[in-house]
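Comments concern the structure below.
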Amino acid sequence: MNKAKLVAKMYKEVQALDKRLLPVTLLQAISASVKPFVNIWFTAKLLDLLEASAPLATLFFYIGIAVALNFVLFFLTGFLDEYAESLRGLLLDRENRKMAEKLYETSYETLEDSDFKALVHKHDEAAKSRWARFPYFIWTTLRFLSGLFTLVISVVIILPLLKIGFTATGSSFFERPVFLVSLLGAILLMAAMILAAAVYINRSYLAANEAYAQLDRIFYCFLDIFGDYRTGKEIRLYKEQPLIDHIATEKILTEGEKTLRRISMRTAKTSSFVAILGAVVGFGVYLFIGVKGLFGLFGIGSLVLYCGSFMQIINGIMLMANTLGKLAEILPLADCYFSILGKKSDMRYGSQTPDLNGDFEIECKDVSFRYPKSTAYALRHVDLHIRAGEHLAVVGRNGSGKTTLIKLLCRLYDVTEGEILINGVNIREFSEEGLRRLWAVVFQDFQIFSVPAAHNVAASDRYDEARLHEALEKADCLARIREMPQGAETYLYKDLDPAGVEISGGEAQKLALARALYKDAPIVILDEPTAALDPIAEHEIYSRFHSFVQNKTAIYISHRLSSCVFCDKIAVFDHGRLVETGTHTELLQNDGQYAKLWNAQAQYYR
Ligand code: ADP
């Protein structure tokens, strides 16, 4: 995106996130840039009054106004600085909230996309770095505006001096306009050099930031590794510390320090160069104003006014130059932010809402599917009919396409070819909300969140006590929840509440099952949430669950055939194809793929 357009878009975004911040920043810049001129102007005025032997009352009048103005301006800048700082902090929260909402709305397909994942990772890194994008951008804006206003005010003040400078008072170099022209030329040259130096220095800062970020990453990674009880076991038992120490010494103490030292040297050299130039220009300015003063072209007060203002010009230029370099740092991060927010989903939903009290039959008609950016088909020509109320087992080896089928049924992805019908209606015809209500799924990689147990089960902070009780009881975890300090309101894990309760993997599994039962959706799917359990425990959970969802359409996935014997129908997948369907007995009689798998596994169960 064009840089100017991106900057405009950032202002629009900031304004949308918080209406107060831009006006406050503008006021802040105005008061900050006016402040030094008040004292310069009043000092000059007082000197003029003294020179003209003005009455004491007049002198005190001006002193009084100067003191009052100083008080007001100091108060105003102090207040605005604090206020703007807190608004910038809030801006970060608002920005993060908007991003979180966007990520929640993003389609699953996009979320799994590797390019999108890279964008989100980059965004996260930026959010964790010392400076976050929008608050930093506003701070930079403040510096730029302060610089600009300072420059404008100074130029307005020294305008009369320019008139004097362009009028020859004599024949020497210092008395002719050529002196002023040379001086202005020197200032322009200096401005250009400051600009170049600022960009150069900022590039060093960028490199330094990158180096810092890399060090941060390594350190945080260590903190994660050492602080996590899950890795704690291995690190201790295998004595892995030397391995990590080695990386630490090599990366942090050697490479990292070298980079930072190089950058510091470069920055120091450039800064001194700019300082020398500043001294030369300053000397020229004093000389010019001094010479003109000597010729009696203006009084001592104006001398102070002009000197002060000239110096502020340099200040203003430096402030502005600095910000231009900073933009180079901010723009790529903003681009990343807008790319994530602008990501559109290709998935279109219809308007039909299914009647949740009815029966549901599901039909896959010649369904084939390829994951985006993948050339191989994960499912090929699948024809499958699940009658209303039927309990279907989907079995097959790892990678045979079982989970992919579930993702398609729930419309986390759209089929590449063929169609999926629910009660004869293509699932694309249903509204998103309607479709979500149809399914209760427990995935293999189910998640239990660090919120109260009841909120986990109800998937909401509001819930029905009786329904919760029933779901927990059926999932065989009511007793465990009851013995927690706050019952179902107890926080799980310790991320959000230090008094939270750590639950075991098996307990988490039961809560995930309770969540599916609580939802009470007409179609239920268990996608191997029990893979970590032994076959007997899995069999128990599956048959228990089976009895609770008797009246619903249900799909059970497992690569252990013993868990699925009780189902009305078994669908066997192999390399993305549906190779057999039938009851357990029928399939054994067929002596095909199922019989082969069954016989191979049965020896372990005998
Ligand atoms: P199963 O559930 O039977 O173990 P899956 O449905 O998970 O098998 O996977 C079927 C095939 O699709 C596998 O070859 C797997 O590598 C591939 N696959 C799964 N998820 C993705 C994905 N997000 N992107 C690309 N390929 C995938």
* Odd one out for Lys365 among (1) within 11 Å of the ligand (Cβ to nearest atom); (2) among the basic types (Lys, Arg); (3) at pLDDT 90 or above -> (1)
* To do: Just one of (1) in contact with a His (Cβ under 9 Å, 6 or more places away or on another chain); (2) within 28 Å of Val451 (Cβ to Cβ); (3) open to solvent by less than 10 Å² (accessible area, probe 1.4 Å) trips up Lys552, so point out which.
  => (3)
* Structure fact -> Within the stretch 528-550, the residues that are assigned to a helix (DSSP H, G or I) and more than 17 Å from Asp568 (Cα to Cα) are Pro535, Ile536, Ala537, Glu538, Glu540, Ile541
* Do we find a residue being more than 16 Å from the ligand (Cβ to nearest atom), modelled with pLDDT of 85 or more, under 30 Å from Ser171 (Cα atoms) and polar (S, T, N, Q) anywhere in the stretch 307-322? -> yes
* Structure fact -> Output for Cβ contacts, cut-off 8 Å, separation at least six or different chains, first residue assigned by TED's automatic domain parsing to the domain that holds Thr77 in the stretch 143-167, second open to solvent by 40 Å² or more (accessible area, probe 1.4 Å) and part of a loop (DSSP other than H, G, I, E, B), reads Ile164/Leu297
* Structure fact -> Residues in the stretch 521-533 that are away from the ligand (no atom under 13 Å from the Cβ) and at pLDDT 90 or above total 4
* To do: Starting from the stretch 525-547, keep only residues that are within 19 Å of Glu390 (Cα to Cα) and open to solvent by less than 60 Å² (accessible area, probe 1.4 Å), then list their pairs with residues that are charged (D, E, K, R) and more than 16 Å from the ligand (Cβ to nearest atom) whose Cβ atoms are within a distance under 9 Å, requiring at least 6 positions of separation or different chains.
  => Ile541/Asp476; Ile541/Lys510; Phe545/Lys474
* Under the condition of being polar (S, T, N, Q) and surrounded by 21 or more Cβ atoms within 10 Å (Cβ to Cβ), which residue from the stretch 555-579 is modelled with the lowest pLDDT? -> Ser563
* To do: Would you confirm whether any residue within the stretch 424-433 is in a helix (DSSP H, G or I), within 16 Å of the ligand (Cβ to nearest atom), hydrophobic (A, V, I, L, M, F, W, C) and closer than 24 Å to Asp113 by Cα?
  => no
* **Yes/no for Asp115 being open to solvent by 50 Å² or more (accessible area, probe 1.4 Å), out of contact with any helix residue (DSSP H, G or I) (no Cβ under 7 Å at 6 or more places or on another chain) and part of a helix (DSSP H, G or I)** => yes
* Test each condition in (1) in contact with a His (Cβ under 6 Å, 6 or more places away or on another chain); (2) within 16 Å of the ligand (Cβ to nearest atom) for Pro372 and report the one that comes out false. => (1)
* Asked: Just to be sure, is Leu392 under 19 Å from Ile427 (Cα atoms), surrounded by 18 or more Cβ atoms within 10 Å (Cβ to Cβ) and assigned by TED's automatic domain parsing to the domain that holds Tyr556?
  -> no
* With the condition kept exactly as written, say whether any residue in the stretch 376-383 is surrounded by fewer than 16 Cβ atoms within 10 Å (Cβ to Cβ), more than 29 Å from the chain's Cα centre (by Cα) and either away from the ligand (no atom under 16 Å from the Cβ) or closer than 18 Å to Ile570 by Cα (or both). => yes
* Asked: Got a sec? Which of Leu496, Leu513, Leu517 is touching a residue at least 12 places away in the same chain (Cβ under 8 Å) and over 32 Å from the mean Cα position of the chain (by Cα)?
  -> Leu517
* To do: Mind counting the residues in the stretch 434-462 that are exposed (fewer than 12 other Cβ atoms within 10 Å of the Cβ) and either within 16 Å of the ligand (Cβ to nearest atom) or within 18 Å of Ile362 (Cα to Cα) (or both)?
  => 1
* Restricting the first residue to the stretch 380-400 and requiring it to be among the acidic types (Asp, Glu), which pairs with a second residue that is surrounded by fewer than 18 Cβ atoms within 10 Å (Cβ to Cβ) and at pLDDT below 95 meet a Cβ separation below 8 Å and a spacing of at least six or different chains? -> Glu390/Glu361; Glu390/Asp568
* What number goes with the only condition from (1) touching a Phe, Trp or Tyr at 6+ places or on another chain (Cβ under 7 Å); (2) closer than 24 Å to Pro354 by Cβ; (3) outside any strand (DSSP E or B) that Ile525 does not pass? -> (3)
* **Flag if Glu465 is open to solvent by 80 Å² or more (accessible area, probe 1.4 Å), at pLDDT 90 or above and either closer than 30 Å to Gly358 by Cα or among the aromatic types (Phe, Trp, Tyr) (or both)** => yes
* **Subset of the stretch 560-581 (residues that are polar (S, T, N, Q) and touching a Gly at 6+ places or on another chain (Cβ under 9 Å))** => none
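The values are calculated or read from the model by the stated rules, or taken from the named source; none is laboratory data. Remember, predicted model here, so these are calculated numbers, not experimental data. Virtual Cβ from ideal backbone geometry, glycine too; neighbours counted across all protein chains shown. For accessibility, only protein heavy atoms count, side chains too; no ligands or nucleic acids. Shrake-Rupley method; radii C 1.70, N 1.55, O 1.52, S 1.80 Å.
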